[in-house]
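Enquirer: The structure under discussion is supplied below as structure tokens; questions concerning it will follow.
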């Protein structure tokens, strides 16, 4: 079996193990862990678009909300009908939740396609503005559709999200992005980022690459939205405004554009940091902002942007001397 | 092999090319010289489908390719080495070369092409695992040419291969261009500001001035032309 697939299965097993013993873990830590996992999915998937492919999207929270609403609607409306009043067995609930997450992801991917096809011909700031506009339009729509709860949002979403689900999907996101970018096909993402004209000159269809990155990124954002909804149990349109998009963009920039390991570390740090700074609540946002400014001045290419593979290779050489 | 007729291209309201016609025969080296902003790069980019012309026609091997998208034009056998060594700086040398063969599927033929590229530019073989962004200017130019060769082109367009390269390396690069043309029977359209060098290796030349052709003829004749001497060859 190929090593990445093995790593994926191992990660899912570990997630299952942690989930199995979740009764013995402090619920507060469990909550933080869940938040970290969801942010990893969001940041790693956005990194495919913003980092590897070099398209600046500010609409990730918009795609997240599509997935959140769609999957919540499924479990809320279809759940009682399919599983009966008692709520069904754990397996039935799991299957329903998996289905809801995937449908949420596909809905977000469809939205990604609809936004991507007309707008990915734009570059840089223009694309950022269009995606920002998309995110706001989605939010306003959710706010005004009474069937989806309007400004109050959706309440009473079943509590399905566990560490197992979050980290399985986080592992799947990392697996997909890493395999995609490492493949011969996927080098096209990096090539598109490095030089669009040269990419077209060797025969790459750069528009198609951008759309694929956008759609895959949107899919995982939608899944993350579904996990978020079934974790918070309440979703409101304001939870997915553009500050949420910015938060995810910051994780990508801090981690280092196009560096998956760095982005994962940044997602962990930026989720835990607000929790640690909770004791100095009133100064929290100021310190957070200052920290970001300093980091950008000191390490503009990202706090965690190291050559991880190079470091690993050097360590291996050090501990396993040559046999000549 | 390639025929461009009455090509007009504009950027918004500004006309960059005003009716250009030129021809490249099988196996020949043709050069397009001219000052800054004359429309040399625009001509190449329009031929390779990166820009859309307003009017005019590009014919390659008897087929009208004027409005084909860039990747389809590459598939027809036109290689383009863009100006300013546009390599993929975050990919390794090996990966850059692999991207050059992006549209091809025959692995054995790709491997043969790779060996040929290493034959011309041994330096690339030494730097195979190195990230392309860390190469020197001359090495990046070699990589850009090597990458275009990986597409097995029948016709190669080079945009200012001498730009920003150590003088010592310029002559090497030009020797290699002649070698590629001779060994592989690849026709070459060379855009250069360094008119002396370009006229030296080419058989036929066109002179472009603010979007129009002002002169054309055998390169050997043009080198002796007093007008051209004064304008481009330094007296």
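The values are calculated or read from the model by the stated rules, or taken from the named source; none is laboratory data. Remember, predicted model here, so these are calculated numbers, not experimental data. Cβ sites come from the backbone with ideal geometry, for glycine too, and all protein chains shown count toward neighbours.
Enquirer: Quick check on the stretch B:27-41. Is at least one of its residues farther than 22 Å from residue B:160 by Cβ, touching a residue at least 60 places away in the same chain (Cβ under 8 Å) and more than 10 Å from every other protein chain (Cβ to nearest Cβ)?
Expert: yes
Enquirer: Something else about it: If residue B:188 satisfies every condition in (1) touching a helix residue (DSSP H, G or I) at 6+ places or on another chain (Cβ under 7 Å); (2) under 25 Å from residue A:200 (Cβ atoms); (3) surrounded by fewer than 17 Cβ atoms within 10 Å (Cβ to Cβ) but one, which is the exception?
Expert: (3)
Enquirer: Just to check your reading of the model, which residue among A:106, A:77 is under 16 Å from residue A:45 (Cβ atoms) and surrounded by fewer than 21 Cβ atoms within 10 Å (Cβ to Cβ)?
Expert: A:106
Enquirer: Okay, moving on. Going by the structure shown, is residue B:12 without any contact (Cβ under 8 Å) to a residue 12 or more places away in the chain, farther than 15 Å from residue B:213 by Cα and either surrounded by 17 or more Cβ atoms within 10 Å (Cβ to Cβ) or more than 9 Å from chain A (Cβ to nearest Cβ) (or both)?
Expert: yes
Enquirer: Same structure again: Looking at the stretch A:181-215, which of its residues are facing chain B (nearest Cβ under 7 Å) and in a loop (DSSP other than H, G, I, E, B)?
Expert: Of everything in the stretch A:181-215, those that are facing chain B (nearest Cβ under 7 Å) and in a loop (DSSP other than H, G, I, E, B) turn out to be A:184, A:195, A:202, A:203, A:204, A:205.
Enquirer: Here's something else I'd like to know. Run down A:265, A:315 and say which single residue is farther than 25 Å from residue A:33 by Cα and part of a helix (DSSP H, G or I).
Expert: Values: A:265 fails: farther than 25 Å from residue A:33 by Cα.
Residue meeting the stated conditions: A:315.
Enquirer: Taking the residues in the stretch B:14-49 that are assigned to a strand (DSSP E or B) and closer than 24 Å to residue A:121 by Cβ as candidates, determine which candidate is farthest from the chain's Cα centre (by Cα).
Expert: B:14
Enquirer: Give the number of residues within the stretch B:125-145 that are away from every other protein chain (no Cβ under 14 Å) and buried (at least 24 other Cβ atoms within 10 Å of the Cβ).
Expert: Going through the stretch B:125-145 one residue at a time, the tally reaches 1.
Enquirer: With the requirement that a residue be out of contact with any helix residue (DSSP H, G or I) (no Cβ under 6 Å at 6 or more places or on another chain), more than 19 Å from residue B:148 (Cα to Cα) and surrounded by 17 or more Cβ atoms within 10 Å (Cβ to Cβ), what does the stretch B:21-39 give you?
Expert: B:22, B:38, B:39 - these are the residues of the stretch B:21-39 that are out of contact with any helix residue (DSSP H, G or I) (no Cβ under 6 Å at 6 or more places or on another chain), more than 19 Å from residue B:148 (Cα to Cα) and surrounded by 17 or more Cβ atoms within 10 Å (Cβ to Cβ).
Enquirer: Somewhere in the stretch A:149-170, is a residue under 17 Å from the mean Cα position of the chain (by Cα), surrounded by fewer than 21 Cβ atoms within 10 Å (Cβ to Cβ), outside any loop (DSSP other than H, G, I, E, B) and on the phi < 0 side of the Ramachandran plot? Steps first, answer last, please.
Expert: Looking only at the stretch A:149-170, we keep the residues that are under 17 Å from the mean Cα position of the chain (by Cα), and these are A:161-170.
From what is left, the residues that are surrounded by fewer than 21 Cβ atoms within 10 Å (Cβ to Cβ) are A:164.
Add one more test, that the residue is outside any loop (DSSP other than H, G, I, E, B), and what stays is A:164.
Then drop every residue that is not on the phi < 0 side of the Ramachandran plot, which leaves A:164.
Scanning the stretch A:149-170 turns up at least one residue that is under 17 Å from the mean Cα position of the chain (by Cα), surrounded by fewer than 21 Cβ atoms within 10 Å (Cβ to Cβ), outside any loop (DSSP other than H, G, I, E, B) and on the phi < 0 side of the Ramachandran plot.
Enquirer: Within the stretch B:50-71, count every residue that is touching a strand residue (DSSP E or B) at 6+ places or on another chain (Cβ under 8 Å), outside any loop (DSSP other than H, G, I, E, B) and surrounded by 15 or more Cβ atoms within 10 Å (Cβ to Cβ).
Expert: The total comes to 5.
Enquirer: Would you confirm whether any residue within the stretch A:250-261 is touching a helix residue (DSSP H, G or I) at 6+ places or on another chain (Cβ under 9 Å), within 14 Å of chain B (Cβ to nearest Cβ) and assigned to a helix (DSSP H, G or I)?
Expert: Yes, that holds for at least one residue.
Enquirer: Looking at (1) surrounded by fewer than 16 Cβ atoms within 10 Å (Cβ to Cβ); (2) closer than 23 Å to residue B:1 by Cα; (3) within 14 Å of another protein chain (Cβ to nearest Cβ), which is the one condition that is false for residue B:182?
Expert: (3)
Enquirer: Could I ask something else about it? Kindly indicate whether any position in the stretch A:45-65 is touching a strand residue (DSSP E or B) at 6+ places or on another chain (Cβ under 9 Å) and either closer than 24 Å to residue A:155 by Cα or at pLDDT 90 or above (or both).
Expert: At the first step, the residues of the stretch A:45-65 found to be touching a strand residue (DSSP E or B) at 6+ places or on another chain (Cβ under 9 Å) are A:65.
Now drop any that are not either closer than 24 Å to residue A:155 by Cα or at pLDDT 90 or above (or both), which leaves A:65.
For the stretch A:45-65, residues touching a strand residue (DSSP E or B) at 6+ places or on another chain (Cβ under 9 Å) and either closer than 24 Å to residue A:155 by Cα or at pLDDT 90 or above (or both): present.
Enquirer: Restricting the search to the stretch B:81-103, which residues are more than 7 Å from chain A (Cβ to nearest Cβ), surrounded by fewer than 24 Cβ atoms within 10 Å (Cβ to Cβ) and either at pLDDT below 90 or farther than 18 Å from residue B:123 by Cβ (or both)?
Expert: Across the stretch B:81-103, the qualifying residues are B:83, B:84, B:101.
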